[in-house]
Each structure stands twice: as structure tokens, then as C-alpha cells.
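Here is the structure we will look at.
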Amino acid sequence: MNIKRLLLGRPLPTERLAAERLPKRYALALFAPDALSSTAYATEEILIALVAAGAGAFLYSVPIAIAIALLLSIVVISYRQLILAYPGGGGGYIVAKENFGELPSLIAGASLLIDYTLTVAVSLSAGVAAITSAFPALLNFRVELAIFALVLITVANLRGVRESGRIFAIPTYAFILGLAGMVIYGFVLYFSGYHIPPASGEVAIRATVPLTTFLILRAFASGSAALTGIEAIANGVPSFKEPAAQNARITLAVLGIILGSLFLGITILSRLFAILPSETETVISQLARGIFGSGFFYYYIQITTLVILVIAANTSFAGFPTLASIMAQDKYLPRQLRTRGSRLAFSNGIILLAFFAGLLIAIFNANVNSLIPLYAIGVFTEFTLSQSGMVKHWYDTRGQGWWRRATINGIGAATTLVVAAIQAITKFLDGAWIVLIAAPILVLMFRGIHRHYISIAGQLTIEQLKSIPPIKHNIVVLVSTVHVGTVLAVRYAQSLNPTIIRAIHVNIDEAETEKVKKRWRQLNFGIPLEILESPYRDVVGPITARLRQIDKEMTDDIMSVVIPEFVVSHWWEYFLHNQTALVLRAILFFWPNAVVISIPQHLE
């Protein structure tokens, strides 16, 4: 408990929940890192996709970036409308649920949960790539570094929403200022006639495939990873201070402007300075080194990039647990995910996300290029469903200006549908098929969980209760040997005034059984002691077989099995005794008409 208090802080009462809501400056730090961090790899992913067609194909990097920036503006405008209509959070899941029903909402939910998990894995892997670009000696430890960062960010989020927003505010704004300064200074240098010298040992890039529309679309799909994270603000509106919806819309607009400006600036500078993709150094690192040299500002860019990529996972840690809680309330996920922990955070959802993200990091060796093909498909699927749902929402409500709002969301839906299709087609063989298979499996799992909860609720509801017959109490006392604990167990059983009471002993040692029979007669309980033979020295088997027989004979009774146990004073002393009682409790727990009663005898 002391370690938990040290790591997470003191528990917070429920009434503090309102005070945990975030002002805009902290909300931007909490929800923006995922989207902002994509500036560290989105441009690079465009160049990597184009490199196969030779250096001449890089001419298309800027037009592709402009198309992505336009897509970004469409999505931001569309989501500002979504926040206005659905200020309760939940994003695409809630919109699809209210406008299209169960199946589309589950597809949206599955897509988002997958995307959140991949965001953590990609962000941490990209952060490690940033630091290994500056310190190549760490390259062989990238998985360990990514897992270490995952543990740190998990603990930070378990401490609570408001505290994590404060923790990440300084590095988020430090990254924005650093990257903005690099972009502005880079343009100043370029228009002053400065050019970055080519890296030593650099070789000319030769085309291995022709430049085709498919290749350009592939580059566009890779660069569209810049849009991941935009949906997080719409999903997390309840985390904002009042007026929550208005503050969320302002924060989303600011995020869109910052993200679009930085992404376009980095892509244009990469083209102007003829930056080429490299396996050992990121595009951001090459730009920073060329613009600032290898001094303080270069390491400032690399370190703040590392930090923003690490805390980019924080957007998912804000979104995944909230969405999981909403879906758990709707009985599509385990109910443990719906409740808040001691620090008013959705602790179970945070831990679940950390586990699966860590699994992805380990499986894909913290390699960004291996994870990117799985990335963004889920979020664009959610984009499409949420925007389509908004079109239906405006049409159904038909308030003032509904046609204009429906048109905006319709354009957003059509655009993101096209991008989702491009993502699926161009990245299918590179790993996108994994997501396309995982999403339907998750949907089936959601429906199975929902059926389970509905079935339980139907069986437990008191409306179907007609009458409870009188309870006939049939008690069986298990006797391994006769000691103080056995006497207490028998006295307790007799105090319940049972219809029938019997005692059972398993004979695995003739001499010991004779001692038990003798002591039983001496105590004169007035209860017959039934001896079960066990030629193979098994205790559990004969007991369960006899209990099944009793249960069949007494069909209208509740069978209570009383097990005398002694409780030792030290945990390690349990290893000195057999655990027959523990095994029997585990078996009998699943019997429909059996009640297990343990009578503990505490020893000093």
C-alpha cells in the first residue's frame, strides 16, 4: 500500500472529480501530443513510400503534404461540429450508436481501440528512433527503452487526469516552440542562400519501380498518419472545464492550425534542402543537424521530439480508458473497465492499454516502419462512421442551418472513406490485413460479452421471481482429522438447525482413520461419521463423488459443505501443509446447489 501511495499519490474522493477537469492550456498538453508527434514521422513516411521511384519522385512530397493538410482541415471542421452535437464524449462510437445502431458503433469502437493501442506503440517506437539517431550506440536497446518509457507514462496516467496534463504541459509546449523555431529559421536560412551539405557517404537514389498513381496514393496513405489523434479531443470532452464543448472546440481548432503548419513546414523544408530518408537518422534529425549544426539546438530538437513522441502515447491513455468505460457501461466490455481508481482515473483501462501496447512493441521490435502499415486504418474508419452519423443527425434534427452542417460532415465522411480505402488497399500486404482481421474479431468479442451480461441480468432479475420454496438445509462436514478446528466446524454446523447433517472422512491411512473414529465417538456429537474408502490415496475424488451422489438424492435441498481449516501465522508456512481445502473450494464453487463454508482456526 505504501508503494502504491508513493507512486500514485493519495486517493482522491469522488467529489474531487469536477476539480480534475482541465483548462484549455492543460487540455492541449493532454490531448495534442499524439497529433503533434506525427510531425516527427509523417513526412518521413511520405519520402520512404516515394523512394522506390527514385529521387525525382520527391517532387510529389509537397503536393501530397498539401492534400493531407486539406484533409486535416476538413476533419477538424467536421469534428468541431461533432463536439457541438455530442458534448458528452465518446466520439465516433456514440455517434454511430445513436444514428446507425449496434454493429456500426461496435466497428467504430473496435477501430478506435485498435488505433489507440497502435498509437502508443508507434509513438514510443518513434521516440526511441529519435534518440537513437542522436546516440546510435543505443540502437540495440530500443525495445527496452520503449518499454521503460511505457512504464513511466503508465504511472503518470495512473496518478490522474489533471496531474498528467500538468506533467506534460512543459514538454508539449517546448516541442511546439522548438519545431516552430526550426521551421521558421530553416526558411530564413534557405532564402538567405544557405543549403544543407549532403551527408557523408550518401549515395544517389535510383528508381527501382516506375512512379505510378498507386505509389503516390501509398505515400498519401502513409503521410495521413499525421491525422491520428485529432479525434481524441472529441472523445474526451468531459475532461474539459466548463463550458466543456466550447473549450474543446477552441482547443481542436488551435491543434489543427499548429499541426498543419508544422507538418507542411517540415515537408517543404525537406524538399528544399533535399533531405533523403535514412535507416540510421530520421528526417527531423537531418533537418535539425543541417539547420543548427551539432550543438545545443540540435539536441534540444531531438530531446523534445523524443519526449513528445513518448507522451504522444498519453493521448491514447486519455482516450482508450474513457472509451472503454463508455463501452463497459453499455455492457460491451468487462464491467471492471467502467469504474475509476483511487486517483479518479480509469485505472483498469490504463493498465490494459499498457499491456497490449507493450506486446506490440516487443513483437515488432519497436520498429516504426513495421508498425506504420497497421496504423491509421482504424482511425479513418472511425472518422468515416462518425461523420456519416453526423450527416444523419443533422438531417433528423433539422435545426437552423442543418443543411450546411450536414454538407460539411458529408464532405468529411466522403473524404475519409476514400482515405480509409486507400489505406486498406495500399498497405494490405504490408500488415494492414492484421487490423482488418482484428477489428471483426473484436466486434464478435463485444457482442459475446454483451450477450453474457444480458443473459445474467435476465436470470437475476426479480421480475421473473415467482416464489422461493422453503430452504431445506443439508450439511456435510468434511473431517480430515479430529482437532479443535473440527469441533468448531461441527458446532457451527449444528447451530444452523439443518434438516440433515452428516460427516465424511476419507480413509487413506488405516491407522489414522482408526484414531479419527475413536476420537469421534469420544466427543459424542450425535452425528454418524461416514468413511469413504480411497485405495489410491486420493482425497478430493472420493469426496466430490460422494457429494454428487448426495446432491442427486436430496434434489430440493441446499447442500452446505463445511470445511474446517487452520490459518497459520506466516505466509511461508502454507507450503508446509497440503491445500486440499483450497482445491475443494475451487471445485465446489461452480456447483449450482452447493454452498461452501470455511471455518478458520487461527494459530499463533
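The values are calculated or read from the model by the stated rules, or taken from the named source; none is laboratory data. Bear in mind the structure is a predicted one, so any value in this text is a computation, not a measurement. Virtual Cβ from ideal backbone geometry, glycine too; neighbours counted across all protein chains shown. Ligands, DNA and RNA are stripped out before the accessible areas are found, and what is left, the full protein with its side chains, is counted by its heavy atoms. Shrake-Rupley method; radii C 1.70, N 1.55, O 1.52, S 1.80 Å.
Working from Cα positions, state the angle (0 to 90°, nearest 10) between the long axis of helix 244-272 and the longest principal axis of the chain. With both axes taken from Cα atoms, the answer is about 50 degrees. Leaving out ligands and nucleic acids, and using a 1.4 Å probe, what accessible area per residue does region 241-364 come to in Å²? Value for region 241-364: 37 Å² per residue.
Accessible surface for Arg142 stands near 60 Å², nearest 10, in the context of the full protein assembly shown (1.4 Å probe).
At the residue level, Ile471 shows approximately 130 square angstrom of accessible surface with a 1.4 angstrom probe and all protein chains present. What's the angle, to the nearest 10 degrees (0 to 90), between helix 283-292's Cα axis and the longest principal axis of the chain? On a 0 to 90 degree scale, this one is about 50.
With a 1.4 Å probe rolled over the protein heavy atoms of all chains, the accessible area of Tyr299, Tyr116, Tyr26 falls in the order Tyr299, Tyr26, Tyr116, largest first. Net length available on complete extension from Arg585 to Arg537 is 15.3 nm, with 0.36 nm assigned per residue and the Cα-Cα distance removed.
Contact order, relative form, for region 332-427: 23 percent (alpha carbon pairs under 8 Å, 6 or more residues apart, mean separation divided by residue count). For Val562, neighbours were defined as the other residues whose beta-carbon sits under 12 Å from its Cβ, and their charges (Lys and Arg +1, Asp and Glu -1) total +2. The mean sequence distance of close C-alpha pairs (under 8 Å, at least 6 residues apart), as a share of the length of the chain, puts its relative contact order at 21 percent.
For region 206-320, the relative contact order works out to 23 percent when only alpha carbon pairs closer than 8 Å and six or more residues apart are counted.
Among Ile361, Ala288, Tyr299, flag the residue with its Cα farthest along the positive direction of the charge dipole of region 288-393, charges on Cβ as +1 for Lys/Arg and -1 for Asp/Glu. Most positive-ward Cα: Ile361. Solvent-accessible area assigned to carbon and sulfur over the chain amounts to 65 percent, based on a 1.4 Å probe. Taking 0.36 nm per residue of sequence separation and removing the Cα-Cα distance, the Phe100/Tyr173 pair yields an extension gain of 22.4 nm. Taken about its Cα centre, the chain carries a charge dipole of about 1260 debye when Lys and Arg each add +1 at the Cβ and Asp and Glu each add -1 at the Cβ. Neighbours of Ser316 by Cβ distance under 10 Å: Lys/Arg scored +1, Asp/Glu scored -1, total -2. Taking Lys and Arg as +1 and Asp and Glu as -1, the other residues whose beta-carbon sits under 13 Å from that of Leu47 total -2. Computing FRET efficiency as 1/(1 + (r/R0)^6) for Gln329 and Phe428, where r is the C-beta to C-beta distance and R0 is 35 Å, gives about 0.50. Ordered by solvent-accessible area of protein heavy atoms (1.4 Å probe), largest first, the residues Trp571, Trp520 come out as Trp571, Trp520. Lysines near Lys241 by alpha-carbon distance under 16 Å, same-chain residues fewer than 8 away left out - which ones? Partners found: Lys24. By its C-alpha gyration tensor, with a ≥ b ≥ c as the square roots of the eigenvalues, how is the chain shaped: rounded for a/c under 1.5, else prolate for a/b larger than b/c, else oblate? It comes out prolate by the Cα gyration axes. The listed residues Tyr453, Tyr492, Tyr298 rank as Tyr492, Tyr453, Tyr298 when sorted by accessible area, largest first, using a 1.4 Å probe. Among the protein heavy atoms, those of Arg335 account for about 130 Å² of accessible surface (1.4 Å probe, every chain in place). Seen against the Cα atoms of the chain and their longest principal axis, helix 433-460 is set at about 40 degrees.
Taking label points 7 Å from Cα along the Cα-to-Cβ direction, Phe187 and His602 give a separation of 7.4 nm. Modelled spin-label separation between Leu84 and His570, with each label point placed 7 Å from Cα along the Cα-to-Cβ direction: 7.1 nm.
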